[in-house]
Protein chains: 4
Amino acid sequence: VRADDVDRELARRMQGYGRGARMKIERDRVEWLSGVRAGETLGSPVAMLIANRDWSNWEDVMAAEGTPGDLRRRRVSRPRPGHADLAGVLKYDRLDARDILERASARETAARVAAGALARRLLEEFGIEIGSHVVSLGGIRAAAPAELPWPLDEVADRSEVRTLDAAADARIMARIDAAKQAGDTLGGEVEIVARGLPVGLGSHVSWDRKLDGRLAGALMSLPAVKAVEVGLGVEAARRPGSEVHDAVDAAPGMTPPAGESRGGVRRRSNRAGASRGVSPLASRWCCGSP
Amino acid sequence: VRADDVDRELARRMQGYGRGARMKIERDRVEWLSGVRAGETLGSPVAMLIANRDWSNWEDVMAAEGTPGDLRRRRVSRPRPGHADLAGVLKYDRLDARDILERASARETAARVAAGALARRLLEEFGIEIGSHVVSLGGIRAAAPAELPWPLDEVADRSEVRTLDAAADARIMARIDAAKQAGDTLGGEVEIVARGLPVGLGSHVSWDRKLDGRLAGALMSLPAVKAVEVGLGVEAARRPGSEVHDAVDAAPGMTPPAGESRGGVRRRSNRAGASRGVSPLASRWCCGSP
Amino acid sequence: VRADDVDRELARRMQGYGRGARMKIERDRVEWLSGVRAGETLGSPVAMLIANRDWSNWEDVMAAEGTPGDLRRRRVSRPRPGHADLAGVLKYDRLDARDILERASARETAARVAAGALARRLLEEFGIEIGSHVVSLGGIRAAAPAELPWPLDEVADRSEVRTLDAAADARIMARIDAAKQAGDTLGGEVEIVARGLPVGLGSHVSWDRKLDGRLAGALMSLPAVKAVEVGLGVEAARRPGSEVHDAVDAAPGMTPPAGESRGGVRRRSNRAGASRGVSPLASRWCCGSP
Amino acid sequence: VRADDVDRELARRMQGYGRGARMKIERDRVEWLSGVRAGETLGSPVAMLIANRDWSNWEDVMAAEGTPGDLRRRRVSRPRPGHADLAGVLKYDRLDARDILERASARETAARVAAGALARRLLEEFGIEIGSHVVSLGGIRAAAPAELPWPLDEVADRSEVRTLDAAADARIMARIDAAKQAGDTLGGEVEIVARGLPVGLGSHVSWDRKLDGRLAGALMSLPAVKAVEVGLGVEAARRPGSEVHDAVDAAPGMTPPAGESRGGVRRRSNRAGASRGVSPLASRWCCGSP
């Protein structure tokens, strides 16, 4: 594993048409603190440090060993809607919302991206690929081909708004420009797809190890995410069961060994998503306005 | 805490227009095995046993100490779509899908309902109320008043399909009848609401303790649930930020004590749902066809 | 896995020269509630129920749904030394020490023995054997041969006080008789040995996964246990390092494959016990007076 | 909380008569990475970095992004007894024992000391004090007064070998000198005492939350520790019960309120140690030769 594997994902996190100055500041690079040597993991915990490039501008205000006077100088006392500012200040009895917002901010996701990059590198060893693309932004839908192109992330990265629909891109960017002009923000929906997953990942026995539940929990813990769907998602609630379930067929050319009652099967569709499927996972999640 | 507190929730789980014979069998009653004495919890773990009323019909086939012959007699070898049968049989190397389906079945949720009933009883001590109602079933939407009636569960229980919309009930039941006739099934959407929550429940500091994430994870771990929304849900991704965030106002009549920079606030709306709000949680989830 | 595998261990727990009436009551038998079918585990959680044979004598006093009157009738208000009675009553605000003592009692260990029997059955599949014998009781030491006899538990069970030293047994039993006569109790020391362990069990990287630490923690959580030693134990603190460490030799007849820098080694001694050894684990723990 | 609170404990870790060059290198200082601002914790995770002062000498060999050639240059292929070298190399399939020993080394305890310093600072807010002193070293016992002096650590720090027995110190230091001369090492026993603990810390209901068990597990996870005793320790196994248990008396001047069956008690002794006592914890552990 190389720092490049992580830095590439950190860079993708900072992409995006119309991104402001803050994102420019944060050209993140990971520094290995432990657990990796000469490009190999050692079995011991991997610690990564992502220095805050903006730190020098804030050192006096945020200093761990500063005086209360330093702290008072640039106090933030107006809690912003859509953030943890108010609840956090009340919960931990703070006078400065900065004590809350610096933790609950988008920077927290940088750590997740770094950890995720390592996880992705591990999954790669088992032939598992993960990718994502934007399926709607600012209320404009972006089409996607029935058969997704791979490596999905590389293809999506070619679009400034990470869709697979060049025609939609211009309209989306125009809407972003208009929202910026109006001092407003926009939200969107992203589809995440994994392929090459082995059967049986997760668990059917313990609720807290079920893959659907763990993925939904992880995604919904992102402040901007307000909905998570798996497979057909909400649509599954509106169709009859006959149009929801993924029938299992004996698969020609996959004849099970004689005397075997298992193996040699194929799903006709992938509506239910990952946790029961032999086919790729399709998780779809939507983020509210940042 | 009384067994009635739990049995009432177990009974609600078994309600439902058009429920089949299996549900009739399962008139569940909880038996305390430990942790409760004379109606009080003792600090030690609470263990509850819900006997399977249908057990006597299966004892010879399912016996823990049976012979392989007993087991072979009624083997299930055809995995059903929409269930864990296939993945489970492959993962744990079983010859009988019954080893999987009896665990992954709806019966597993009986244990969750019993544990949840105890949790609800605890929350009651803190003035926290939880309720739910059906907002769509079989593709038919059920309206709900802007101000929800409480106790919400009692009101919803008056409807055979647990809506707050008597007009919709007849149409929904007709659709259920038609689906049964056609040998098909239907799905629906449920809204879960909690009120009386203190500010700061959950966490803004650790992803795995965030309330939104934990609730989404728990709900999505139910086999039939394929989508979870919090607050505005998917809709939040389609609106501009100005119509998504919940503005914070200084609240008249809630003046903070002099010299205090906190307190005395009110949200103008509740679009974001629980984890940041001072107002009630609105979690909405949707279940696929059972 | 059969109920016999568990019941045998439950019976061993009840052995012991001079055991009183309480132990006679508790001829425990396990009942599988879930996770086992026709003698095989299914991948789902294994639940075992050990009914309290003495229950019928206590049902009215201990009933989960009883009245406070039932409870008051046989209240225990005198906390015993050497037990959790006093601390528990204060911590959980109880009026009856029975609410504490029934949980903190020796019966709690019945559940551990049942779980341990299952774990032992699993280890057996990997060629790992575990056994124990008494090395001192009431201050009288019991000798053990340099090479322990296996299966160790079977040999120790032949002694009424589970030693490997027939000469010591008579003296120990006489001391037990005298203590009973005097209304007193005695303590002892037990050695637990595992053999067939693979190298690398546990962890050198994370303190909470280290085998020594986990074993010590589990043993010390038994109310009667006041000391845990691994390998040489306390003695290791009194000897010079040259008489403590286990030297590593290249082992003749275990030549590593050419070009390999690992493998083909042997320890000269086993003073350090398990976690670093290629040789058997020797854990020694001592229990205070019951 | 100040860095000084942590650095003081890190400095104590490096004390010790006859300590070698390695310890001199490691004059550790903590750097707050997150969770602390202007001397207050913020509710978010506290991250501390202790830079390795010796790093510059090793950077080329240990580099995370180095080449296999860098790595091969100073490979360690001779596993030391009394260390995790051999087991770790086999478990994680490494060619260089340095990948193991740098993690399993004494440096790992620096992180524990830093975390413990923070925990001690928290306990201080509740009036809980912790201290330790050496009770034997190299087989020479150091006496301690019946009533320990407080602050215990400050008093023990005045001795070069951290005893409370000036007479023993000279003999101990002479033995250390002799061992060094002979190229050998020595071990010792340490007593750790906490006072001001509230009743009910830990648990009588769940084995994995019992204080005795958790403390024993944490101590035994230190590589050099081979025995942990609580209260009387091993001695408890050799005395009759009447000389082991701590009798509970109604305490004069602590009369419980009328009608109350609890409160107003006192222990006559503290043989059992912490988890059941109303009196101070006395944990004793012994470390093998370093």
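Tabulated data
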| read-out | value |
| --- | --- |
| Intensity falloff of the stretch B:131-212 expressed as log10 I(q)/I(0), Debye formula with alpha-carbon point scatterers, at q = 0.18 Å⁻¹ | -0.78 |
| Cα lying deepest toward the dipole's positive end in the stretch D:58-205, options D:GLY82, D:MET173, D:ILE128, charges on Cβ | D:GLY82 |
| Residue pairs, from the table B:LYS210/D:LYS91; B:LYS91/D:LYS226; B:LYS210/D:LYS210; D:LYS180/D:LYS226, whose Cα atoms sit over 31 Å apart | B:LYS210/D:LYS91; B:LYS91/D:LYS226 |
| R0 of 22 Å, Cβ-Cβ distance A:LEU95-D:LEU122: FRET efficiency to nearest 0.05 | 0.55 |
| Size of charge dipole - the stretch D:177-239 - debye, nearest 20, with Cβ of Lys, Arg +1 and Asp, Glu -1, no other charges | 260 debye |
| All-pairs Cα distance distribution in the stretch C:35-187, expressed in whole percent, bin size 10 Å | 9, 22, 26, 26, 15, 2 |
| Average other protein chain Cβ within 10 Å of Cβ, residues D:187-199 | 2 |
| Per-residue average of Cβ from other chains inside 10 Å of D:90-102 | 5 |
| Contour excess over end-to-end distance, with Cα ends at C:ALA170 and C:ARG2 and 0.36 nm allotted per residue | 56.9 nm |
| For B:GLY66, label point 7 Å along C-beta direction: distances to other copies, nm | 3.9, 6.1, 6.9 |
| Long-range HN-HN contacts of B:LEU33 with modeled amide H, under 5 Å | B:ALA47, B:MET48, B:LEU49 |
| Where A meets B: accessible area buried, both sides, 1.4 Å probe, Å² | 6500 Å² |
| Neighbour net charge for A:ARG158 - beta-carbon separation under 14 angstrom, K R +1, D E -1 | -4 |
| Dipole magnitude (debye, nearest 20) for the stretch B:48-164, charges at Cβ of Lys, Arg, Asp, Glu | 600 debye |
| Placed amide H near C:VAL135: partners under 5 Å, 5+ positions off or other chain | C:GLU189, C:VAL190, C:GLU191 |
| Calculated FRET value between A:ASN57 and D:GLN15, using beta carbons and R₀ = 41 Å, to 0.05 | 0.55 |
| Positive minus negative residues near A:GLU125 (Lys, Arg vs Asp, Glu; Cβ under 13 Å) | -2 |
| Exam field: C:ARG112 pseudo-label spacings to other copies (7 Å along Cα-Cβ), nanometres | 2.2, 3.3, 4.0 |
| Estimated FRET transfer efficiency when R0 is 30 angstrom, pair D:ALA178-D:THR109 (beta carbons, to 0.05) | 0.70 |
| Cβ-vector label at 7 Å, B:ARG78, separations to other copies in nm | 6.7, 7.0, 7.1 |
| Axis-nearest residue in chain C [Cβ, rotation onto B], distance in whole Å | C:LEU49, 4 |
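The values are calculated or read from the model by the stated rules, or taken from the named source; none is laboratory data. Since this is a predicted model, take the numbers as computed values, not measurements. Cβ sites come from the backbone with ideal geometry, for glycine too, and all protein chains shown count toward neighbours. Heads up: the accessible areas ignore ligands, DNA and RNA and are worked out on the full protein's heavy atoms, side chains in. Shrake-Rupley method; radii C 1.70, N 1.55, O 1.52, S 1.80 Å.
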